[in-house]
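Before any comments, here is the structure.
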Amino acid sequence: MASSPRQRTGSRPQRHPAELPFFTFMVVLNALIVIAIVQAAVALPYLPDEVRESGWAVAIRSALVGLLLLLPGLIVWREMQRASVRGTAVQLSPRQFDSLYRTADEFAQRLGLRRRPQIYLANGNGSLNAFAAQATGYDYVVLSNELFAHLFDNNRDGLRFILGHELGHIRLHHVSLWYQLSVAYSERIPLLGPTLSRLREYSCDRIGAQLSPLGATGLVLLASGRHTERDVDVDELVRQGQSLHGFWVGLAQLPRSHPFTVRRLESLYRLGMFHALVREPAPRAST
């Protein structure tokens, strides 16, 4: 779905400042890995017999086969994933949850997406989850019914934030085929892959907050769980995020694909992207 300039947000989505530099590093690293696999495979026939029959040589041949199958394999996986979603989830339409359908259409226009994403409501089996994905000719977002049920009636702004966050992955090309290919190997490296993933999440949080500046409850729900998101003191939770620092916090964060939820919330308030007043703790009286 094409959109005119007037339909766009008027400003480029705000990425986390470290995302693009780190992505560039990961692309270069990915290219070096691919080059190393190809060069090792080309050199293998010229090595001594004992080397060509070693476990090292088997690993090289396997890596080369994996490289040759990467593109078709990724295409098949993406198509199978969309087929599975279509067969197990409810697609939103003007007759299926029309208000959220219209919200998705509005967000797609404001973000200037080239085609309208399909939105699905899936059985999350108790999990609070949502994801964006792409297949040939299609972009789509899947929302778990647990998220939907707890935010749709009581706090639609929170649901709008989550929807905007997932559409941000589409807008920033995180789900595109070329993006996935460009970091297919480097993203599997421990610590490096999760770091890139966390930066993507921070960037999409900013897009979600741009589209739904009253949507803090979307993150509060992820932190507190179901049934209590309306009872949490958001100011206090943000202050908790402000105090979340130190060696052990940083170490615990390293292997995680998503930033700590309270840190995500605090970051958006600090940037002024959520519309609410978070008061700084009163200074202690001097003695």
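Values for this structure:
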| read-out | value |
| --- | --- |
| Single match in Leu181, Leu128 (criterion: out of contact with any Pro (no Cβ under 6 Å at 6 or more places or on another chain), at pLDDT 90 or above and open to solvent by 20 Å² or more (accessible area, probe 1.4 Å)) | Leu181 |
| Lone unmet requirement of (1) part of a helix (DSSP H, G or I); (2) within 29 Å of Ala83 (Cα to Cα); (3) of a type outside the set (S, T, N, Q) for Ala133 | (1) |
| Residues of region 244-253 satisfying the condition of being assigned to a loop (DSSP other than H, G, I, E, B) and surrounded by fewer than 12 Cβ atoms within 10 Å (Cβ to Cβ) | His245, Gly246 |
| Close pairs from region 190-202: first over 16 Å from Tyr179 (Cα atoms), partner surrounded by fewer than 18 Cβ atoms within 10 Å (Cβ to Cβ) and of a type in the set (A, V, I, L, M), Cβ under 7 Å, at least 6 apart | Leu191/Leu254 |
| Leu74 vs. criteria open to solvent by less than 60 Å² (accessible area, probe 1.4 Å) and not basic (Lys, Arg) | yes |
| Filter pass, Phe97 being open to solvent by 30 Å² or more (accessible area, probe 1.4 Å) and of a type in the set (Phe, Trp, Tyr) | yes |
| Qualifying residue in region 190-208 (condition: outside any helix (DSSP H, G or I) and of a type in the set (Ser, Thr, Tyr)) | no |
| Which listed residue, of Arg279, Arg284, Arg226, Arg256, is among the charged types (D, E, K, R), at pLDDT 95 or above, part of a loop (DSSP other than H, G, I, E, B) and open to solvent by 20 Å² or more (accessible area, probe 1.4 Å) | Arg256 |
| When residues of region 100-124 are limited to those that are assigned to a strand (DSSP E or B) and of a type outside the set (A, V, I, L, M, F, W, C), the one least open to solvent (accessible area, probe 1.4 Å) | Tyr120 |
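The rows are residues; the columns are (1) more than 21 Å from the chain's Cα centre (by Cα); (2) modelled with pLDDT under 95; (3) among the polar types (S, T, N, Q).
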{"site": "Met1", "(1), (2), (3)": "yes, yes, no"}
{"site": "Ser4", "(1), (2), (3)": "yes, yes, yes"}
{"site": "Arg12", "(1), (2), (3)": "no, yes, no"}
{"site": "Arg15", "(1), (2), (3)": "no, yes, no"}
{"site": "Thr24", "(1), (2), (3)": "no, no, yes"}
{"site": "Val65", "(1), (2), (3)": "yes, no, no"}
{"site": "Gly73", "(1), (2), (3)": "yes, no, no"}
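The values are calculated or read from the model by the stated rules, or taken from the named source; none is laboratory data. Every value quoted in this text rests on a predicted model; they were computed, and no experiment measured them. Please note: Cβ atoms are built from the backbone with ideal geometry, for glycine as well, and neighbour counts cover all protein chains shown. Remember, those area values only see protein heavy atoms, side chains included, never the ligands or the DNA or RNA. Shrake-Rupley method; radii C 1.70, N 1.55, O 1.52, S 1.80 Å.
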